Structures are given as structure tokens and as C-alpha cells.
Amino acid sequence: MERIPLAKPYWDDECEGAALAALSSGRWVKGPQGRLFGEEFAKWCGAVSAVPCQSGSAALWAAMRLLDIGPGDEVIVPGMTFIATATSVSLAGATPIFADIEDDYWCICPDDVENKITDRTKAVIGVHIFGQVFSPKLREICDRHQIALVEDAAQAHGATLNGVKAGAIGDIACFSFFPSKNMAVGGEGGMITTTRNDLAEKMSRLVDHGRNDELESIELGTNLRISEVSAAIGRVQLKHLQEWTDKRRENSGSINHSTLIRPNSQHAWHQLCVFSDNPNQLISKFNEAGIDARVHYPIPCNRHQVYSDHAQHNSPLPVCDAIAHRLVAIPVHPSISQSDIDRINSVLNP
Ligand SMILES: Cc1ncc(COP(=O)(O)O)c(C=O)c1O
């Protein structure tokens with residue numbers, strides 16, 4: 001019986017042809033593939049502009065720089081997310097402030113965000129966790145307090161809120177193309193998008209040493225550029241993204257789970273997580289049935305060692321603390337078959 005993995009990167013002749021053509025062109029960086037990938041991605045998600053970069057983490061750091069966030073500033077982030085959401089703030093020299101998550105949709109809790117806004121708060125990074133979009137209240141809160149809203153859309157390619165795709169909901173959005181993500185680029189990769197005309201030019205500069213057309217560095221940036229090979233592969237994968245997203249939705253509909261979906265939204269199902277009071281036992285059952293399963297994300301970000309000096313290191317985030325170690329991710333990716341789904345369901349409902 002073949003093992004069912006949690007993710008399966010897509011590769012076909014077209015991806016291979018695009019990669020080889022980019023290599024053979026002799027133009028390995030700063031060429032047409034990167035430019036077209038950005039343009040096509042912006043069009044796909046409805047953003048004003050998009051720039052590919054080296055990873056989702058690089059995109060998040062660039063988002064902080066784009067908003068001139070630095071020492072003395074605070075940025076509110078959810079307690080339950082991949083650590084890069086928080087460390088991007090720290091790497092910019094600012095302080096992440098951890099907010100609790102919703103007990104129903106598992107995204108950052110808008111009420112806790114509002115409680116934690118101070119006169120130092122420059123932005124909120126909302127994460128579309130597992131592909132579930134964050135609350136629409138975040139936009140309203142950020143507008144009222146005149147602070148920026150950044151989407152961590154690393155897990156949310158194709159998710160929508162009120163008909164608007166992830167990537168066009170906040171001021172800035174950050175995507176990851178890590179191999180397990182909903183689309184990939186044959187290595188590391190990311191994308192930063194913006195809905196603001198005033199940020200578009202600066203966004204392209206930041207990934208290239210903050211340089212203008214005269215090659216003068218006018219602000220702090222670094223080399224976060226994507227390679228032409230990765231961009232070429234990304235352009236092929238982007239053409240499949242809608243069909244893959246539809247298939248993830250179909251698969252999630254056939255798996256016996258009780259994850260709630262936010263009203264007026266469409267989930268991107270990067271992960272399908274099931275809540276379990278005994279996650280280790282559930283993971284063992286999946287493993288015995290030849291199915292990969294894993295807890296996402298067992299340690300709330302504020303409790304990681306990297307934040308041992310943070311004022312919130314030992315502070316409770318009651319919902320994060322209660323559920324973060326009890327969410328078990330199981331396969332939902334577009335390559336699973338009906339018989340795989342039957343196997344998954346037989347573990348969930350023996
Ligand atoms: C929510 C979230 N934010 C940020 C990242 C960072 O992306 P990358 O691994 O491409 O740096 C990831 C991916 O692992 C993620 O899941």
C-alpha cells in the first residue's frame with residue numbers, strides 16, 4: 001500500500017521545459033521570467049503589483065521594510081502561526097506583539113488585536129492559517145487606527161474573502177512557494193504583493209538592494225531576487241493553481257472533518273487540520289494506515305526559545321495554549337485519489 005504524503009510537489013514536462021529554457025537562455029537572474037511571473041501573479045490575485053522573491057520569509061521581511069517598520073515599533077501577530085511571521089518583525093528591529101486566535105476559525109482574534117494596539121503599533125500581520133482567511137474585522141480595525149494590514153498568505157494561494165483573493169485584501173501580502181505549498185517553483189521562492197500604488201515602486205527596489213534605475217541604493221534592501229529558473233517554473237504552476245485549488249476544496253468536502261469555514265469566504269485548504277484531544281494517538285493511527293499526519297503548530301510563537309526574553313514569553317494566550325498542540329494536519333492535496341480519501345476517512349471514522 002502506497003504511503004499518502006502530506007504534500008506532493010507537482011512536476012511535469014512543461015515545468016521541466018520551462019526550467020531548461022530559462023537555463024539555456026543564459027539569463028539566470030533579473031530577466032523576463034521574474035518580471036512576467038510578478039505581473040501574472042498580480043493579475044491572478046487582483047493586486048496592483050507583485051514582485052517575486054526568494055521565500056515567504058524574505059517577503060515578510062520586505063513587507064516590514066516597505067512599511068518603514070523598525071526599532072521602537074510594534075507589530076501585532078497571531079500566537080499560532082509559522083515562526084517566520086513573528087521573526088520577520090524581530091529581524092526588522094521591531095517587536096512582535098502576540099495576539100490570541102479565534103476558537104472557531106483559528107486565525108488571529110480581532111478583539112485581542114484591538115486590545116493590544118498602542119501608539120507604537122505600526123501594523124498587524126494577519127495569517128490566513130492553513131488557507132482559512134482572517135476576519136474581515138481586521139481591515140476595519142486597521143483602517144480605524146490608521147495602521148497597515150499585512151497578509152501572511154504563505155498558506156492561502158486562492159483563498160477569498162467577500163470575493164477578494166488573498167493577496168488583494170491587505171496593504172501588502174506575502175506568499176511562499178516552499179515545495180509543500182499550494183504552488184511551488186522547484187526550490188525556495190516567495191512573492192510580495194501590494195494593493196497600494198504608492199508602495200509598488202519601493203517594493204521592486206527592496207528585493208534588489210534598494211536600488212533605483214540609476215543603480216543608486218536609496219534605501220536599505222538586499223538581494224532577495226528570485227532566479228529565472230524558479231520564476232519560469234512558477235509561471236507554469238500558476239496556470240494550474242485554480243484547478244488545484246478547486247481540487248483541494250473538493251477533497252476537503254469528501255473528508256470527514258468538522259473544520260468551520262468563515263462565512264463569505266473560500267478556504268484554500270493548504271492544510272486540513274483536525275482537532276484531537278489525543279493528537280499522538282491519532283497520528284499513530286494515521287501512520288499505521290500509511291498516511292502522513294503532523295501537528296501544526298505545536299508551540300505558540302511567544303513560547304519559542306527565541307522569544308525567551310520577550311515580555312509575553314510566559315503570558316497566556318488561552319486559545320493558542322489550549323489548541324495549538326491539538327491540531328493534526330492530514331493530506332488534502334490535489335494528488336490524492338478517491339481511494340486515498342476512503343483510507344483517510346476510515347481512520348477518522350473507524
Ligand atoms: C504562515 C507562514 N508564514 C511564512 C512562511 C515562510 O515561508 P518560506 O518557508 O517560503 O520562507 C510559511 C512557510 O513555511 C508559512 O506557512
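What follows is calculated from the coordinates using simple rules that are stated; it is not laboratory data. Keep in mind that what you see is a predicted model, and the values were worked out from it rather than measured. FYI the Cβ positions are ideal-geometry reconstructions off the backbone, even for glycines, and counts take in every protein chain you see.
Could you please report the charge total around residue 29, scoring K, R as +1 and D, E as -1 over all other residues with beta-carbon less than 12 angstrom from its beta-carbon? Before the final figure, lay out the partial values.
Details: positive: 27, 30, 35, 225; negative: 208, 228.
Result for the neighbourhood of residue 29: +2.
Using only DSSP helix segments of four residues or longer, with each worth -39500 (n - 2.57), what per-residue ellipticity at 222 nm results for the chain after dividing by its residue count and rounding to 500?
-11000 deg cm²/dmol
Would you tally the net charge around residue 254, using a Cβ to Cβ cut-off of less than 14 Å, leaving residue 254 out, and scoring K and R as +1, D and E as -1?
Value of the local net charge: 0.
What residue among 329, 231, 268 has the largest mean-square fluctuation in a Gaussian network model of the chain, using Cα springs under 10 Å?
Among 329, 231, 268, the largest GNM mean-square fluctuation belongs to 329.
Among all lysine pairs in the chain that are eight or more places apart or on different chains, how many have alpha carbons less than 14 angstrom apart?
Summing the qualifying lysine pairs gives 4.
Which cross-chain or sequence-distant (5 or more) residues have an amide H under 5 Å from the amide H of residue 295, H modelled 1.01 Å from N in plane?
329
Of 39, 140, 214, which has the largest mean-square fluctuation in a 10 Å C-alpha GNM of the chain?
With Cα springs under 10 Å in the chain, the top fluctuation among 39, 140, 214 is at 214.
If you add up the charges near residue 212, with Lys and Arg at +1 and Asp and Glu at -1, over every other residue whose beta carbon is less than 12 angstrom from its beta carbon, what do you get?
-3
Filter the chain for me: DSSP H helices, axial length by Cα at least 18 angstrom, mean Kyte-Doolittle hydropathy not below -1.0. List them by residue number.
Numbers: long enough: 32-45 (20 Å, -0.61); 228-254 (38 Å, -1.10).
In the chain, the long hydrophobic H runs are 32-45.
Please compute P(r) over all alpha-carbon pairs of the chain, binned at 20 Å starting from zero, and give each bin as a whole-number percent.
P(r) for the chain, in whole percents per bin: 31, 58, 11, 0.
In whole percent, what relative contact order does the chain give with Cα contacts below 8 Å and a gap of six or more residues?
Details: 785 pairs, mean separation 79.6, N = 350.
Reported relative contact order: 23 percent.
Taking Cα centroids, how far is the range 274-350 from the range 200-217 in Å?
After rounding, the separation between the Cα centres reads 41 Å.
Defining a contact as two alpha carbons under 8 Å apart and six or more residues distant in sequence, what relative contact order in percent does the range 64-209 show? List each step's numbers first, then the result.
Values: 291 pairs, mean separation 24.8, N = 146.
Averaging sequence separation for qualifying contacts and normalising by length gives 17 percent for the range 64-209.
Which whole-Hz ³J(HN,Hα) couplings does the range 322-334 yield from phi under the Karplus relation 6.51 cos²θ - 1.76 cosθ + 1.60, θ = phi - 60°, glycine and proline marked x?
Residue by residue, the range 322-334 yields 7, 10, 3, 8, 10, 9, 9, 7, 10, x, 9, 5, x Hz.
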